Amino acid sequence: MMDINIKADVAVIGAGPAGLAAAIAAKENGARKVVVIDREAYKGGILPQCIHDGFGLHIFGQQLTGPEYAARFIDMAQEACVEFLMETMVMSIGKNRVITAIGKSGGMIEIQAGTIVLAMGCRERSSGALMLPGERPAGVMTAGTAQRFVNMEGYMPGREVVILGSGDIGLIMARRMTLEGARVKMVLEILPYSGGLTRNIVQCLDDFEIPLKLSHTVVSIHGKKRVEGVTIAKVDDELNPVKGTEEYIACDTLLLSVGLIPENELAKDLDIEMDTITGGAVVDSDMQTSFPGVFACGNALQVHDLVDFVTEEARRAGKAAAQYKEAEKVTVDAVAGDGVRYVAPQKLVRDGKEKKLFFRVKGITKNNYTVARSGGEIIASKKRIRCAPGEMENLTVKDEDIKGDVIVSLEEKEQRKMTCILCPVGCEITTQMQNGKIKSISGNACKRGEKYAQTEIKDPRRTLTTTVRVNGGALPLVSVKSENPLPKNKLFDSMKVIVKTTAKAPVSIGDVVVADILGTGVDIVATSCTDLI
């Protein structure tokens, strides 16, 4: 046993599809020594156990299986002379970008990296996260664990199967278990829509007449040594089980496909800024995290539905890691607007290059446009016949079109209805849309209503009224308002600033309490005095 010291231009943590693509891109863009570290004995991450096809259509123009897709990138990595440290566990990353790991020989390994790419992938939510009532018998496992048993180790987890969760892994395992002779009784989904790709519902469930029960969940597991059955029930709009809808289903196996969680313990150790919605790091359009010289990509950044998008994202990270130079960057935020759950990357570097934004919508919609706006103007839009949370969306924006924060939203295809709030009449206004642009406005009783509709579509704003704590006044609070309407998407963030603000008496009506809040150009001004009138 002996300690090993290594110097690398770029160190990549994870040898899955993201890590492989990032390492190859780093070599192609000038990095001399690229080292990939992975705790597994084999390269490819999750891909070797994903024997179904559907990989590579965007990257290679072919429908490949997971092992085939992985093999192509493993070959490219070897041709590029990427070095691998397999069966090596990363223990920590130091503030000076020194990676400490333990190899299979038991010795400590220290890697001094010029830059680091985090590509650790993701893990499945387990039964413990669900807190299902009942014992903990054999036969309850994640869909990914069952996939490994069946596809790599040759074991059948069970014969009478219920699957909880309609993520893609669960859908694919419904088909796989059926083809291996098991009886998949049903797939349950607590939400009113599936979390998987539509094509997987068709080819994995419909083709085999496996029922998908939406708005249903498991409320109890039966059996001590082995699963004997589960009790299922409908859920209401608050996702709570509805009494009287319980049904017992006999089974010997319960597979869980209830979500994926990015692996980010290492990122958290570096105090990297994290996105609470994606579970991954906040990154800019170069895929750099808030820690200089550390980049993130793939499912460690955000859970993807297609490996091709993982590869595309990882290539950007690998290229940026190879070309990294410490310098101040000018960025703007990319934020989620109406109908959109999150956007990544979250920060866009003003460097003259195109930016590709990935995002997911909040619910299933039809005949809409996904739209990116900046400075009140549409800078990108895409017609979408159908959008679903299980399918990742993307838009490409040009740097020269960016005039400020970029807001990504979902808009109706033909028309958008709204109520004018400028006066008590409350006109019901209809805007006819085409290609994300306003073609006509109707229903307004005055010109102000027309202007309101235009603003509401392009850059919705609201006047914010609230209170601020004050020291030394007759009352502990002074009322305030935004001197001009604020962008609607800035209201909650503005409140976070105001809540932390304390004014000092005396304060008079019209005094500025918070200047240029959040860089919006809008002041927060007092609307009452600290002295009682």
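Below, the figures for the structure above:
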{"item": "Lone qualifier among Lys366, Lys353 - being exposed (fewer than 14 other Cβ atoms within 10 Å of the Cβ), in contact (Cβ under 8 Å) with a residue 12 or more places away in the chain and in a loop (DSSP other than H, G, I, E, B)", "result": "Lys353"}
{"item": "Given (1) at pLDDT 95 or above; (2) within 30 Å of Arg97 (Cα to Cα); (3) in contact with a strand residue (DSSP E or B) (Cβ under 7 Å, 6 or more places away or on another chain), number of the condition Lys329 does not satisfy", "result": "(1)"}
{"item": "Complete set of residues in the range 112-137 that are modelled with pLDDT under 95, open to solvent by 30 Å² or more (accessible area, probe 1.4 Å), more than 24 Å from the chain's Cα centre (by Cα) and at negative phi", "result": "Pro133, Glu135, Arg136"}
{"item": "Every residue from the range 426-464 that is open to solvent by 70 Å² or more (accessible area, probe 1.4 Å) and touching a residue at least 40 places away in the same chain (Cβ under 8 Å)", "result": "Asn435, Lys437, Lys458"}
{"item": "Only listed residue being farther than 23 Å from Gln288 by Cα, in contact (Cβ under 8 Å) with a residue 24 or more places away in the chain and of a type in the set (A, V, I, L, M, F, W, C), chosen from Ile93, Ile74", "result": "Ile74"}
{"item": "Count of residues meeting criterion [more than 23 Å from Asp9 (Cβ to Cβ), in contact (Cβ under 8 Å) with a residue 24 or more places away in the chain and in a loop (DSSP other than H, G, I, E, B)] in the range 34-53", "result": "8"}
{"item": "Pick from the range 14-33, criterion outside any helix (DSSP H, G or I) and in contact with a strand residue (DSSP E or B) (Cβ under 7 Å, 6 or more places away or on another chain), ranking: farthest from Cys81 (Cα to Cα)", "result": "Ala15"}
{"item": "Any strands (runs of 3 or more DSSP E) falling wholly within the range 61-158 and containing at least 3 residues that are within 27 Å of Ile272 (Cα to Cα) and of a type in the set (A, V, I, L, M)", "result": "89-93, 98-102, 108-118"}
{"item": "Criterion violated by Asp236 - all others in (1) open to solvent by 10 Å² or more (accessible area, probe 1.4 Å); (2) at negative phi; (3) at pLDDT below 95; (4) of a type outside the set (Ser, Thr, Tyr) satisfied", "result": "(3)"}
{"item": "Flag for Ile102 being buried (at least 16 other Cβ atoms within 10 Å of the Cβ) and either among the acidic types (Asp, Glu) or more than 17 Å from Val218 (Cβ to Cβ) (or both)", "result": "no"}
{"item": "Verdict on Arg97 being open to solvent by 20 Å² or more (accessible area, probe 1.4 Å) and in contact with a Gly (Cβ under 9 Å, 6 or more places away or on another chain)", "result": "yes"}
{"item": "Close pairs (6 angstrom Cβ cut-off, 6 or more residues apart or separate chains): farther than 16 Å from Leu179 by Cα and open to solvent by 60 Å² or more (accessible area, probe 1.4 Å) in the range 191-206, assigned to a loop (DSSP other than H, G, I, E, B) and not aromatic (Phe, Trp, Tyr) anywhere", "result": "Pro192/Ser215"}
{"item": "Qualifying residue in the range 199-216 (condition: of a type in the set (S, T, N, Q) and in a strand (DSSP E or B))", "result": "no"}
{"item": "Which listed residue, of Ser409, Ser494, is crowded, with 16+ Cβ neighbours inside 10 Å and in contact with a Lys or Arg (Cβ under 9 Å, 6 or more places away or on another chain)", "result": "Ser409"}
{"item": "Scan of the range 371-406 for residues that are open to solvent by less than 10 Å² (accessible area, probe 1.4 Å), among the hydrophobic types (A, V, I, L, M, F, W, C) and in a strand (DSSP E or B), ordered by number", "result": "Val371, Ala372, Cys387, Leu395, Val397, Val406"}
{"item": "Cross-chain or 6+ apart pairs with Cβ under 7 Å, the range 390-403 first and touching a residue at least 60 places away in the same chain (Cβ under 8 Å), then of a type in the set (Gly, Ala, Ser) and part of a strand (DSSP E or B)", "result": "Ile402/Ser374"}
{"item": "Listing of strands (runs of 3 or more DSSP E) fully contained in the range 251-341 that carry 1 or more residues being of a type in the set (S, T, N, Q), surrounded by fewer than 20 Cβ atoms within 10 Å (Cβ to Cβ) and out of contact with any Pro (no Cβ under 8 Å at 6 or more places or on another chain)", "result": "331-336"}
{"item": "Failed item in (1) closer than 20 Å to Thr231 by Cα; (2) under 30 Å from the mean Cα position of the chain (by Cα), with Lys185 passing the rest", "result": "(2)"}
{"item": "Qualifying positions in the range 509-531 - touching a residue at least 12 places away in the same chain (Cβ under 8 Å), among the small types (Gly, Ala, Ser) and open to solvent by 60 Å² or more (accessible area, probe 1.4 Å)", "result": "none"}
{"item": "Filter pass, Val162 being touching a strand residue (DSSP E or B) at 6+ places or on another chain (Cβ under 6 Å) and open to solvent by less than 20 Å² (accessible area, probe 1.4 Å)", "result": "yes"}
{"item": "Those residues of the range 507-516 which are over 18 Å from Gly404 (Cβ atoms) and assigned to a loop (DSSP other than H, G, I, E, B), in sequence order", "result": "Val507, Ser508, Ile509, Gly510, Asp511, Ala515"}
{"item": "Any chance Lys488 is touching a Pro at 6+ places or on another chain (Cβ under 8 Å) and at negative phi", "result": "yes"}
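Matching residues to (1) under 39 Å from the mean Cα position of the chain (by Cα); (2) of a type in the set (Phe, Trp, Tyr); (3) farther than 30 Å from Lys439 by Cβ; (4) assigned to a strand (DSSP E or B):
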| residue | (1), (2), (3), (4) |
| --- | --- |
| Gln454 | yes, no, no, no |
| Thr467 | yes, no, yes, yes |
| Val470 | no, no, yes, yes |
| Ser479 | yes, no, yes, yes |
| Asn484 | yes, no, no, no |
| Ser494 | yes, no, yes, no |
| Val497 | yes, no, yes, no |
| Leu518 | yes, no, yes, no |
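The values are calculated or read from the model by the stated rules, or taken from the named source; none is laboratory data. A quick note: this is a predicted structure, and the numbers were derived from the prediction, not measured. All Cβ positions, glycine included, derive from the backbone under ideal geometry; neighbour counts span all protein chains shown. Only protein heavy atoms, including side chains, enter the accessible area calculation; ligands, DNA and RNA are left aside. Shrake-Rupley method; radii C 1.70, N 1.55, O 1.52, S 1.80 Å.
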